[in-house]
Structure formats: structure tokens, C-alpha cells
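Enquirer: My questions will all concern the structure given below.
The values are calculated or read from the model by the stated rules, or taken from the named source; none is laboratory data. From a predicted model like this one, the values you see are computed outputs, not experimental measurements. Cβ placement follows ideal geometry from the backbone for every residue including glycine, while neighbour counts extend to all protein chains displayed. Note: accessible area is taken over every heavy atom of the protein model, side chains too, but ligands, DNA and RNA are not part of it. Shrake-Rupley method; radii C 1.70, N 1.55, O 1.52, S 1.80 Å.
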Amino acid sequence: MRILLLLVLLILSETTSFSQDVLTKINSTEIATEHFVGVDNFSALYTVNQNILYKKWNAQTWQFGDYTLGTLSKVSITNPLKILLFYQNLNTIVILDKYLNEINRIDFNTTTNFKNPAFVSQANDQSIWLFDNNTQQLEIFDLDTEETLFTTLPIKGIPMDESCNFNYCWLLTEHKILQFNIYGNLLTEMLNDHFENIHAYKKGIILKKENNLYHWSPKTNQFVSLGLPEILIEDFSVTGEILYIYSAGILHSYNLPQILN
């Protein structure tokens, strides 16, 4: 019986242990901004300063702002050709082209089926992920027809953070880490051990807790510490194989360890 207990404890420790990998530093760049959004697949840099979105690429800068919409709550750059802006106070999203020209705007207060989004994020070219506070459901919302295509079952708790792409959406609630596919099916469910932020990375995720970053993948089923230097993590994002960390006016970039691939 004692041997069996030791074996169970060993298995549990293997699935919850934290080990360290060494990140390879690429460079550090000074950027003057209030909020770092991310870097897209074309290496364009996105920031928000005084409620205005800025895009910098190849020594050129574009910007977009609309003060009538209130505070800019979220910017999604999953598709750099259709950038998604969310203004939560007014239940409104704005779609921009690659030059930050407005190409569409949806006010969820006036749609046929009223929505009260907690967050929105890009899905495919014509749809978005949307978590509706009224129904407590994650859904796929069609931008052309302004109709819901798929929904999940009601989710307990408001998401603290999310990270979505064309095929999957990860939600971080106070007690759970959840992964859904584009049809609304629950694929992964784990306990949230005090993680605060989440970013999708390939088939896994990178999470922030207590100013440290950890990687999880279904292959290892472990939370692996990325072994960061001691810097304050104000914002972070992942593009391709590169991890970006914004800290005190400096944007640090690192190659992610090959072990995570």
C-alpha cells in the first residue's frame, strides 16, 4: 500500500512540477508607450498610447483613435489584414485594415440579438470569438450576417484573460483553464493554479504567475518555467517562435526554447 501511495505521489509530481529552460535573448529595444499590444507575423509593432492605436513597420507609422467610443479595451492582431478593436464600455467593435483604416463597425447594442461581450477576439476571416456576459457562453459570431454560428455550454465564472486564434480559444477563469475549438466543443480543462494571464503557443499555452512565465503543452502535461531574468513583466505576447516582454519602456525579445516546439 505504501509503495502504491508513493507511485501516485510521483505521478502527480510529474504532472505539476516546475522545471526551468534557458531562453535565448534576441535584443532589447526602447519604446515609449503606455501599453504594448504585440508584434504581428510581418514584424509590425502595435502599441496603445492615450487611447490611440499605433502601428510601426519599416520606419512607417499609422494610427487610429476614436474618442467617442471611450476606452480601447482590447486589440487583436491575429489577422494583421483585419485588426480587431474592442470598446467594452460601448459594446462596440471596430475592424481596421493593415493601414489602420476603418472597414467595419458593429454596435452590439443594436444587433438583432443583443450582446454584452466581456471580450472579443479574432477567429477566421469573417468571424470572431465572443464571450457574452448575458449567457455566460463563448460563441463564434459571424461579422457579415451578425449572427451566432456556434456556442459553448454556459461557463462558470467570467474569464480573467483569453487567447484565441483561427481554430482554438483558451479561457482563463479564476478556477479553471479551458480550451475550446471553433465548434464550441470543450477540448481541455485544468485547474488554474493562480495564473493571471494566458497566451496560446502552438498546441499549448504560456501563462503568467507572480512575474514568471510558464509553458504547458498536452505532450508533457507539465507547467515548465521559462527561467526569465528578473525583469518586471508589464505585458507579454508570443509571435511565431519569439516571446516579447514589455518592461519599463523596454521591449525584450527571446527565442523560445526548442524543447517547447
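Each row is one residue, and each column tells you yes or no for (1) in a strand (DSSP E or B); (2) charged (D, E, K, R).
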{"position": "L207", "(1), (2)": "yes, no"}
{"position": "H215", "(1), (2)": "yes, no"}
{"position": "K219", "(1), (2)": "no, yes"}
{"position": "G227", "(1), (2)": "no, no"}
{"position": "I231", "(1), (2)": "no, no"}
{"position": "V238", "(1), (2)": "yes, no"}
{"position": "Y244", "(1), (2)": "yes, no"}
{"position": "S253", "(1), (2)": "yes, no"}
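Enquirer: Test F195 against the stated conditions and say whether it is under 18 Å from D161 (Cβ atoms) and modelled with pLDDT of 95 or more. It would help to see each step written out before you state the result.
Expert: On the way: under 18 Å from D161 (Cβ atoms): yes; modelled with pLDDT of 95 or more: yes.
Yes.
Enquirer: Let me ask another. Counting only residues that are exposed (fewer than 15 other Cβ atoms within 10 Å of the Cβ) and either modelled with pLDDT of 95 or more or more than 23 Å from L187 (Cβ to Cβ) (or both), how many does the stretch 213-233 have?
Expert: Of the residues in that region, 5 qualify.
Enquirer: Condition (residue is part of a loop (DSSP other than H, G, I, E, B), of a type in the set (G, A, S), out of contact with any Ser or Thr (no Cβ under 7 Å at 6 or more places or on another chain) and at pLDDT below 95) applied to the stretch 118-127: is it met by at least one residue?
Expert: Narrowing the stretch 118-127 to residues part of a loop (DSSP other than H, G, I, E, B): 123-126.
Pick out the ones that are also of a type in the set (G, A, S) and you get 123.
This time we only want the ones that are out of contact with any Ser or Thr (no Cβ under 7 Å at 6 or more places or on another chain), so: 123.
Going one step further and asking which of them are at pLDDT below 95, we end up with 123.
Checking the stretch 118-127: at least one residue is part of a loop (DSSP other than H, G, I, E, B), of a type in the set (G, A, S), out of contact with any Ser or Thr (no Cβ under 7 Å at 6 or more places or on another chain) and at pLDDT below 95.
Enquirer: While we're looking at this one, here's another question. Looking at the stretch 140-173 only, could you name the residues that are over 14 Å from S127 (Cα atoms) and over 16 Å from the mean Cα position of the chain (by Cα)?
Expert: The answer is T152, L153, P154, I155, K156, G157.
Enquirer: Could we say that E189 is without any contact (Cβ under 8 Å) to a residue 60 or more places away in the chain, more than 27 Å from Y46 (Cβ to Cβ) and among the charged types (D, E, K, R) here?
Expert: Against the criterion (without any contact (Cβ under 8 Å) to a residue 60 or more places away in the chain, more than 27 Å from Y46 (Cβ to Cβ) and among the charged types (D, E, K, R)), E189 qualifies.
Enquirer: A further question follows. Return the pair list, or none, for Cβ contacts closer than 7 Å from residues in the stretch 218-233 that are in contact (Cβ under 8 Å) with a residue 12 or more places away in the chain and more than 14 Å from H252 (Cα to Cα) to residues that are open to solvent by less than 20 Å² (accessible area, probe 1.4 Å) and of a type in the set (G, A, S), at least 6 apart or on different chains.
Expert: P218/G204
Enquirer: Restricting attention to the stretch 28-52, and to residues there that are part of a strand (DSSP E or B) and either touching a Gly at 6+ places or on another chain (Cβ under 7 Å) or among the β-branched types (V, I, T) (or both), which single residue is surrounded by the fewest Cβ atoms within 10 Å (Cβ to Cβ)? Reasoning before the result, please.
Expert: First pass over the stretch 28-52, keeping only residues part of a strand (DSSP E or B): 28-30, 35-39, 45-49, 52.
Then drop every residue that is not either touching a Gly at 6+ places or on another chain (Cβ under 7 Å) or among the β-branched types (V, I, T) (or both), which leaves 29-30, 37, 39, 46-48, 52.
On the way: T29: 12, E30: 8, V37: 23, V39: 21, Y46: 23, T47: 22, V48: 19, I52: 15.
Checking each candidate, the answer is E30.
Enquirer: Might you let me know whether the stretch 73-92 holds any residue that is open to solvent by less than 10 Å² (accessible area, probe 1.4 Å) and of a type in the set (G, A, S)?
Expert: Scanning the stretch 73-92 turns up at least one residue that is open to solvent by less than 10 Å² (accessible area, probe 1.4 Å) and of a type in the set (G, A, S).
Enquirer: Can you work out which of the residues in the stretch 234-261 that are of a type in the set (S, T, N, Q) and open to solvent by 20 Å² or more (accessible area, probe 1.4 Å) is farthest from T78 (Cα to Cα)?
Expert: Step one: filter the stretch 234-261 for residues of a type in the set (S, T, N, Q), giving 237, 239, 247, 253, 255, 258, 261.
Imposing the further condition that a residue be open to solvent by 20 Å² or more (accessible area, probe 1.4 Å) reduces the set to 239, 255, 258, 261.
Numbers: T239: 9, N255: 20, Q258: 23, N261: 20 Å.
Selected residue: Q258.
Enquirer: Here is a list: F119, F108. Which entry is open to solvent by less than 70 Å² (accessible area, probe 1.4 Å), out of contact with any strand residue (DSSP E or B) (no Cβ under 6 Å at 6 or more places or on another chain) and not polar (S, T, N, Q)?
Expert: Working: F119 fails: out of contact with any strand residue (DSSP E or B) (no Cβ under 6 Å at 6 or more places or on another chain).
Answer to the check: F108.
Enquirer: Go through the stretch 34-44 and give me each residue that's closer than 15 Å to Q63 by Cβ and free of Cβ contacts under 8 Å to residues at least 40 places away in the same chain. Before the answer, list the steps.
Expert: Taking the stretch 34-44 and keeping what is closer than 15 Å to Q63 by Cβ, we get 34-35, 37, 44.
Listed by number, the residues that qualify are E34, A44.
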